[in-house]
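What follows is a single structure, written as structure tokens, with notes after it.
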Amino acid sequence: MDNKEIFNDGKIVIWSANIADSKDKYFSVFNISDEKQDNLSLSWDHLGLSTEYVVKDLWKKEIISTFNKSIRLSLDRHASVLYKFALK
């Protein structure tokens with residue numbers, strides 16, 4: 001397993017996780033600041049991805065959409081989200 005922090009700018013922290021014997025990718029995004037973070041863009045380049053994925057919000061238990069280059073989101077202060085990226 002290759003679970004690690006892949007981004008930290010003092011406001012936003014992103015962790016990636018892999019599960020053995022699975023091609024799915026998992027990303028958690030944390031807003032560690034005291035301010036809402038609007039219009040965040042997670043590009044495939046920053047996430048180390050290169051193809052099309054179906055993205056599911058695991059806490060809401062709903063598929064967001066299919067993406068192939070980036071995903072946009074907003075996070076309230078001290079909020080977080082957990083996504084599962086499954087190959088399409």
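The values are calculated or read from the model by the stated rules, or taken from the named source; none is laboratory data. On a predicted model such as this, the values are computed, not experimentally measured, just so you know. In this analysis, Cβ positions are derived from the backbone assuming ideal geometry, glycine residues included, and neighbour counts consider all displayed protein chains.
Identify the residue in region 18-49 that is polar (S, T, N, Q) and in contact with a Phe, Trp or Tyr (Cβ under 8 Å, 6 or more places away or on another chain) and, among all such residues, is nearest to TYR83 (Cα to Cα).
Residues of region 18-49 polar (S, T, N, Q): 18, 22, 28, 31, 33, 37, 39, 41, 43.
Filter once more, so that each one left must be in contact with a Phe, Trp or Tyr (Cβ under 8 Å, 6 or more places away or on another chain): 18, 28.
Working: ASN18: 12, SER28: 6 Å.
Step by step, filter region 18-49, then rank; the result is SER28.
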Inset, instruction - Give me a count of the residues in region 46-88 that are surrounded by fewer than 17 Cβ atoms within 10 Å (Cβ to Cβ), in contact with a Lys or Arg (Cβ under 9 Å, 6 or more places away or on another chain) and over 17 Å from ASN8 (Cβ atoms). - result: 14
Legend entry - Search result, residues across region 61-88 that are modelled with pLDDT of 95 or more, in a loop (DSSP other than H, G, I, E, B) and not aliphatic (A, V, I, L, M): LYS61, ASP76, ARG77, HIS78
Legend entry - Lone unmet requirement of (1) part of a loop (DSSP other than H, G, I, E, B); (2) at pLDDT 95 or above; (3) crowded, with 16+ Cβ neighbours inside 10 Å; (4) not charged (D, E, K, R) for GLY10: (3)
Legend entry - Selection from region 1-17 of residues that are closer than 16 Å to VAL81 by Cα and of a type in the set (A, V, I, L, M): ILE6, ILE12, VAL13, ILE14, ALA17
Inset, instruction - Being under 15 Å from LYS69 (Cα atoms) and surrounded by 11 or more Cβ atoms within 10 Å (Cβ to Cβ) is the filter here, so list the residues in region 28-42 that pass it. - result: LEU40, LEU42
Legend entry - Positions within region 16-38 being under 12 Å from the mean Cα position of the chain (by Cα) and of a type in the set (Ser, Thr, Tyr), in sequence order: SER16, TYR26, SER28
Inset, instruction - Among the residues of region 43-74, write down those that are in contact with a Ser or Thr (Cβ under 9 Å, 6 or more places away or on another chain) and either small (Gly, Ala, Ser) or touching a residue at least 40 places away in the same chain (Cβ under 8 Å) (or both). - result: SER43, HIS46, LEU47, GLY48, SER70, LEU73
